[in-house]
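The values are calculated or read from the model by the stated rules, or taken from the named source; none is laboratory data. In this text, all values refer to a predicted model and were calculated from it rather than measured experimentally. All Cβ positions, even for glycine, are placed from backbone atoms using ideal geometry, and neighbour counts span all protein chains on display.
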Amino acid sequence: MAACSAAGVDIPRFCYHQRLSIAGNCRMCLVEVEKSPKPVASCAMPAGPGMNIKTDTPLVKKAREGVMEFLLINHPLDCPICDQGGECDLQDQSMHFGSDRGRFTEMKRSVQDKNLGPLVKTVMTRCIHCTRCVRFATEVAGVQDLGMTGRGNASEIGTYVEKAMESELSGNVIDLCPVGALTSKPYAFTARNWELKSTESVDVSDAMGQNIRVDSRGVEVMRIVPVQNDAVNEEWISDKARFQYDGLKRQRLNVPLVKGSKGLLESATWEEALVAAKDAISKVKGNEMSFIAGKLADAESLIALKDLANRLGSGNLKVEVSAPHLDADVRSNYLANSTISGIDRADVILLIGSNPRVEAPVFNARIRKTFLDGAHVAMVGEQADLTFPVEHLGTGPDALAAILKGSPMLKRLKKAQRPAIIVGPGVLNRPDSAAVLQQVHELVEKADVVREGWNGYNVLHDTASRVAALDIGFMPSARSASAPAPKLVYLLGSDDFDPADVPADAFVIYQGHHGDNGAARANIVLPGAAYTEKNATYVNFEGRTQRTKAAVPRVGDARSDWSIIRALSEVLEKPLPYSTTDEVRARLADMAPHFAQVDTVQSPMWLNGEYFQAFKDRAGKAAVEKQAFSSSISNFFQTDVISRTSINMAKCVQTRASLAHK
Amino acid sequence: MALVKFLKDTYKRDSVLDALKAGGWKAFLDGTLAQTTLVHGPNATLVGSDGFGNKYYERMTEQYGRHRWVVFGDLDWPSGQESSTVPPEWHGWLHCITDSSPATADVSYPIYHVPHHANKTGTPSSYAPKGAWQNPSKRSWKKVQVWDPASAGASA
């Protein structure tokens with residue numbers, strides 16, 4: 001089949017999928033091979049030299065018609081009420097290759113629907129037993145939840161016992177299903193695919209920057225599906241990326257709000273709100289202001305806010321739940337240097353303080369693929385089920401020290417051709433991360449992880465804004481260490497701020513798109529745009545610059561985030577030197593050239609230990625605490641303000657909790 | 001005498017005069033009521049009653065087809081005497097579909113059974129389609145729900 005598509009001939013198929021193993025059970029891809037007595041299934045037939053393959057002979061046509069007739073025997077005629085209608089492989093192929101009349105007069109079989117949890121809806125009578133979902137669950141997602149029971153006419157796809165799918169990637173079976181047997185539960189009966197406007201964008205629910213297509217109708221996001229990008233997410237996305245979109249329709253900020261005399265937030269015009277912000281800002285000194293960016297902040301607004309803060313004389317910049325000891329001096333120090341696709345080539349992987357299954361599920365699937373290709377995976381950190389067997393070396397820094405002293409793992413890393421070390425947020429977010437990072441650096445040096453043509457030092461981040469913030473240098477300046485307690489705090493979409501950073505008497509300006517902790521604490525609320533409503537730049541944890549595209553209009557009177565900061569600077573009479581998106585991007589490219597190179601990874605410079613030495617000199621000898629590395633994400637489904645407002649995600653949390661009970 | 005007893009029973013009064021005062025006089029305006037209370041009623045057998053207070057009578061000496069009738073619990077005229085208050089199990093007996101009444105035989109209900117209620121047309125609880133302005137729980141056509149600072153302040 002691959003040979004045929006290389007030659008430009010498209011062969012119909014249901015069960016064959018290039019990222020899954022070959023099943024050969026739908027028989028739709030039958031072709032005629034010269035000197036072969038019967039038509040052969042091209043998906044399972046290796047192409048050989050001198051082979052003559054015919055794909056448009058009467059025999060092939062008849063074979064396809066026959067297969068199609070068999071498939072349609074037990075397929076219900078409910079296309080008009082089927083959510084797959086219009087984008088259904090079976091519908092399309094029966095139009096192309098099916099017979100023009102039916103001879104079927106018997107009863108169709110019926111199959112009981114399965115309950116796969118709050119995300120995947122099943123209509124099992126529509127199933128044609130291609131087993132793509134079963135192969136996806138076992139091969140890619142790594143859960144043994146789906147399977148085939150029964151034989152012949154009685155065979156059914158289902159969970160063996162009544163149980164929801166326990167995977168962070170379960171939504172992908174919806175895309176894989178060539179018919180309408182597995183469809184999206186939240187999307188059910190809400191839209192038809194031909195009424196949707198598709199916008200290719202980037203997901204911000206984790207730091208991986210999964211490529212997505214936002215399907216919208218009018219002002220509503222109707223669904224989110226993956227876009228194929230072999231370098232990032234292949235063609236999978238996590239359930240959070242796919243199903244959190246209903247959070248975009250709830251608890252939104254649509255008008256500027258200013259705290260009135262009664263101590264309540266009251267709606268105001270932009271002019272009133274900006275003037276109120278100016279009054280508050282002009283009352284405090286530069287060093288008494290602090291600026292905190294949230295998990296979903298884009299690069300444009302980050303640079304605008306940094307420029308504004310510097311003009312106001314403040315260097316107190318911070319990203320919430322920050323990795324306090326990472327610095328922006330050397331880019332290779334905070335990126336996944338092997339790149340996401342490069343992990344495929346690694347042969348020994350050591351995870352330190354990272355649980356990729358919750359921090360970046362699609363990346364975890366990628367590590368799993370590497371594992372299946374024969375790589376050895378070990379981890380230091382809290383025990384976690386990564387969907388594949390992992391050598392667990394310990395939970396805390398003492399295990400790291402043991403590796404350094406010379407354990408079999410160190411030897412294994414040294415002997416490996418392409419060893420990779422992945423440092424997760426479990427290390428970065430610790431108060432003593434400087435000391436732990438020194439240990440990690442020592443390990444990187446000792447195990448010789450960075451070699452000619454291979455850089456195995458990877459940092460895995462958990463929030464979409466982190467890498468862009470580091471690239472821009474959105475971090476505390478040297479002077480900020482001696483700054484007094486802030487009297488004015490500017491929150492750029494920050495809802496998970498550390499309460500210590502926002503004193504009770506501080507004046508708070510919140511800019512963001514959802515009403516949550518930040519807006520509830522704020523004195524002034526400036527409504528911004530969510531990631532589906534703006535053209536914004538994000539950088540994922542391998543350093544790939546990617547841009548979201550506006551799919552739907554902004555809510556009410558909300559504005560694009562960087563333009564709010566630009567307007568504020570104008571009111572403060574310290575105007576920023578850019579007034580269009582292109583000019584902001586030019587400023588970004590000025591700051592860091594890779595911002596101009598969208599969808600590419602500019603491999604950063606590796607300073608061969610010089611940086612590690614500098615890091616050590618600066619951080620000094622710090623004590624390492626005993627406690628175990630724990631992942632920053634305790635609840636995969638609710639990590640940021642969008643997923644917290646999403647009802648779909650709340651249902652997922654409930655389902656998981658009930659599964660844990662059993 | 002049976003007529004007197006019937007009037008007294010129907011209106012739950014001790015004397016005929018009181019019964020007439022309590023609403024029996026309406027029989028002179030309402031022919032149906034007169035028929036059931038004055039002509040049919042005397043010497044009839046009370047077979048049973050239902051949850052709405054409807055009483056079911058039978059008198060085999062009547063012409064066939066007129067030998068079973070109901071005296072409604074709510075005898076107000078013209079708002080009462082709602083024939084749709086007769087539940088299905090009594091409806092069958094009343095219309096001679098069956099001879100077994102709930103008074104003489106156990107009624108088994110299917111699993112989807114819901115308690116019977118009278119026709120609600122013309123009342124505030126009558127059916128209104130979704131989106132109709134009469135429907136109290138109208139479907140919200142707003143695409144986006146906006147944050148309300150007052151509610152958030154309470155929860156925070």
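Are any of the residues in the range A:588-598 surrounded by fewer than 14 Cβ atoms within 10 Å (Cβ to Cβ), touching a strand residue (DSSP E or B) at 6+ places or on another chain (Cβ under 8 Å) and within 30 Å of A:MET222 (Cα to Cα)?
Yes.
Being at pLDDT 95 or above and not polar (S, T, N, Q) is the filter here, so list the residues in the range A:205-216 that pass it.
Residues satisfying the conditions are A:ILE212, A:ARG213, A:VAL214, A:ASP215.
Look through A:THR395, A:THR463 and report the one residue that is touching a residue at least 24 places away in the same chain (Cβ under 8 Å), among the β-branched types (Val, Ile, Thr) and surrounded by fewer than 20 Cβ atoms within 10 Å (Cβ to Cβ).
Every option except A:THR395 fails the conditions.
Being within 18 Å of A:ARG656 (Cβ to Cβ) and surrounded by fewer than 20 Cβ atoms within 10 Å (Cβ to Cβ) is the filter here; which residues of the range A:115-158 pass it?
Listed by number, the residues that qualify are A:ASN115, A:VAL143, A:GLN144.
Looking only at residues in the range A:52-70 that are in contact (Cβ under 8 Å) with a residue 12 or more places away in the chain, part of a helix (DSSP H, G or I) and charged (D, E, K, R), which one is surrounded by the most Cβ atoms within 10 Å (Cβ to Cβ)?
A:ARG64
Could you list, in sequence order, the residues of the range A:18-51 that are under 24 Å from A:THR138 (Cβ atoms) and outside any loop (DSSP other than H, G, I, E, B)?
Of everything in the range A:18-51, just one residue is under 24 Å from A:THR138 (Cβ atoms) and outside any loop (DSSP other than H, G, I, E, B), namely A:ALA41.
Quick one: in the range A:280-317, of everything that is of a type in the set (D, E, K, R) and buried (at least 21 other Cβ atoms within 10 Å of the Cβ), which residue is nearest to the chain's Cα centre (by Cα)?
Applying the filter and picking the extreme gives A:LYS295.
So, A:ALA273, is that one over 29 Å from the mean Cα position of the chain (by Cα), part of a helix (DSSP H, G or I), within 14 Å of another protein chain (Cβ to nearest Cβ) and buried (at least 21 other Cβ atoms within 10 Å of the Cβ) or not?
In short, yes.
Please go through the range A:434-472 and pick out each residue that is assigned to a helix (DSSP H, G or I) and either more than 16 Å from A:ILE421 (Cα to Cα) or in contact with a Phe, Trp or Tyr (Cβ under 6 Å, 6 or more places away or on another chain) (or both).
Matches in the range A:434-472: A:ALA434, A:ALA435, A:HIS441, A:VAL444, A:ARG466, A:VAL467, A:ALA468, A:ALA469, A:LEU470, A:ASP471, A:ILE472.
Out of everything in the range A:500-524 that is free of Cβ contacts under 8 Å to residues at least 40 places away in the same chain and within 16 Å of A:PRO256 (Cα to Cα), what residue ends up being nearest to the chain's Cα centre (by Cα)?
The extreme case among them is A:TYR510.
Would you pick out the residues in the range A:503-536 that are within 14 Å of chain B (Cβ to nearest Cβ) and of a type in the set (D, E, K, R)?
Answer for the range A:503-536, where residues must be within 14 Å of chain B (Cβ to nearest Cβ) and of a type in the set (D, E, K, R): A:ASP516, A:ARG521, A:GLU533.
May I ask you to verify whether A:SER167 is at pLDDT below 95, in a loop (DSSP other than H, G, I, E, B) and buried (at least 24 other Cβ atoms within 10 Å of the Cβ)?
For A:SER167, the condition - at pLDDT below 95, in a loop (DSSP other than H, G, I, E, B) and buried (at least 24 other Cβ atoms within 10 Å of the Cβ) - is met.
When residues of the range A:561-576 are filtered for being assigned to a loop (DSSP other than H, G, I, E, B) and more than 33 Å from the chain's Cα centre (by Cα), how many remain?
4
Taking the condition of being in contact with a Phe, Trp or Tyr (Cβ under 6 Å, 6 or more places away or on another chain) and closer than 24 Å to A:ARG544 by Cβ, how many residues in the range A:241-272 meet it?
Residues in the range A:241-272 being in contact with a Phe, Trp or Tyr (Cβ under 6 Å, 6 or more places away or on another chain) and closer than 24 Å to A:ARG544 by Cβ: 0 in total.
What are the pairs with Cβ atoms under 7 angstrom where one residue, in the range A:571-586, is within 25 Å of A:ILE281 (Cα to Cα) and the other, located anywhere, is hydrophobic (A, V, I, L, M, F, W, C) and not in a helix (DSSP H, G or I)? Sequence gap at least six, or different chains.
Once the first residue is within 25 Å of A:ILE281 (Cα to Cα) and sits in the range A:571-586, its partners that are hydrophobic (A, V, I, L, M, F, W, C) and not in a helix (DSSP H, G or I) give A:LYS574/A:LEU312.
Conditions: (1) among the acidic types (Asp, Glu); (2) touching a Pro at 6+ places or on another chain (Cβ under 6 Å); (3) under 18 Å from B:LYS5 (Cβ atoms). B:GLU58 meets all but one. Number of the miss?
Only one criterion is unmet by B:GLU58, namely (2).
Given the residues A:ILE565, A:ILE647, which is the only one that is in contact (Cβ under 8 Å) with a residue 24 or more places away in the chain and farther than 30 Å from A:GLY313 by Cα?
A:ILE647
Would you be able to say whether some residue in the range A:530-541 is among the basic types (Lys, Arg) and either out of contact with any Lys or Arg (no Cβ under 9 Å at 6 or more places or on another chain) or surrounded by fewer than 16 Cβ atoms within 10 Å (Cβ to Cβ) (or both)?
no
If you check B:ASP106 against the conditions, is it away from chain A (no Cβ under 14 Å), loosely packed, with under 10 Cβ neighbours inside 10 Å, among the acidic types (Asp, Glu) and more than 30 Å from A:SER646 (Cα to Cα)?
It is true that B:ASP106 is away from chain A (no Cβ under 14 Å), loosely packed, with under 10 Cβ neighbours inside 10 Å, among the acidic types (Asp, Glu) and more than 30 Å from A:SER646 (Cα to Cα).
Hey, does the range B:131-141 have a residue that's under 30 Å from A:HIS513 (Cα atoms), more than 14 Å from chain A (Cβ to nearest Cβ) and surrounded by 12 or more Cβ atoms within 10 Å (Cβ to Cβ)?
yes
Tell me, please, whether a residue that is polar (S, T, N, Q) and within 22 Å of A:ILE343 (Cα to Cα) can be found in the range A:400-413.
no
Taking the range A:224-246, which residues are in a strand (DSSP E or B) and either surrounded by fewer than 24 Cβ atoms within 10 Å (Cβ to Cβ) or touching a Gly at 6+ places or on another chain (Cβ under 8 Å) (or both)?
A:VAL225, A:PRO226, A:ASN229, A:GLU234 - these are the residues of the range A:224-246 that are in a strand (DSSP E or B) and either surrounded by fewer than 24 Cβ atoms within 10 Å (Cβ to Cβ) or touching a Gly at 6+ places or on another chain (Cβ under 8 Å) (or both).
Looking at A:LYS185, A:LYS240, A:LYS262, A:LYS197 in this structure, which one is within 14 Å of chain B (Cβ to nearest Cβ) and of a type in the set (Lys, Arg)?
A:LYS262
Evaluate the range B:143-150: report whether one residue or more is surrounded by 14 or more Cβ atoms within 10 Å (Cβ to Cβ), in contact with a strand residue (DSSP E or B) (Cβ under 9 Å, 6 or more places away or on another chain), within 14 Å of chain A (Cβ to nearest Cβ) and not in a loop (DSSP other than H, G, I, E, B).
Yes, there is a match, as at least one residue in the range B:143-150 is surrounded by 14 or more Cβ atoms within 10 Å (Cβ to Cβ), in contact with a strand residue (DSSP E or B) (Cβ under 9 Å, 6 or more places away or on another chain), within 14 Å of chain A (Cβ to nearest Cβ) and not in a loop (DSSP other than H, G, I, E, B).
Considering only the range A:316-337, state which residues are part of a loop (DSSP other than H, G, I, E, B), at pLDDT 90 or above and farther than 22 Å from A:GLU542 by Cβ.
Residue satisfying the conditions is A:ASN316 alone.
Which residues, counting only those in the range A:194-218, are over 12 Å from the mean Cα position of the chain (by Cα), farther than 24 Å from A:LYS651 by Cβ and not in a strand (DSSP E or B)?
A:TRP194, A:GLU195, A:GLY218
Here are some residues: A:ALA619, A:ALA558, A:ALA589. Which one is over 23 Å from A:ARG430 (Cβ atoms), in contact with a helix residue (DSSP H, G or I) (Cβ under 6 Å, 6 or more places away or on another chain) and either at pLDDT 90 or above or of a type in the set (Gly, Ala, Ser) (or both)?
Matching residue, one of A:ALA619, A:ALA558, A:ALA589: A:ALA589.
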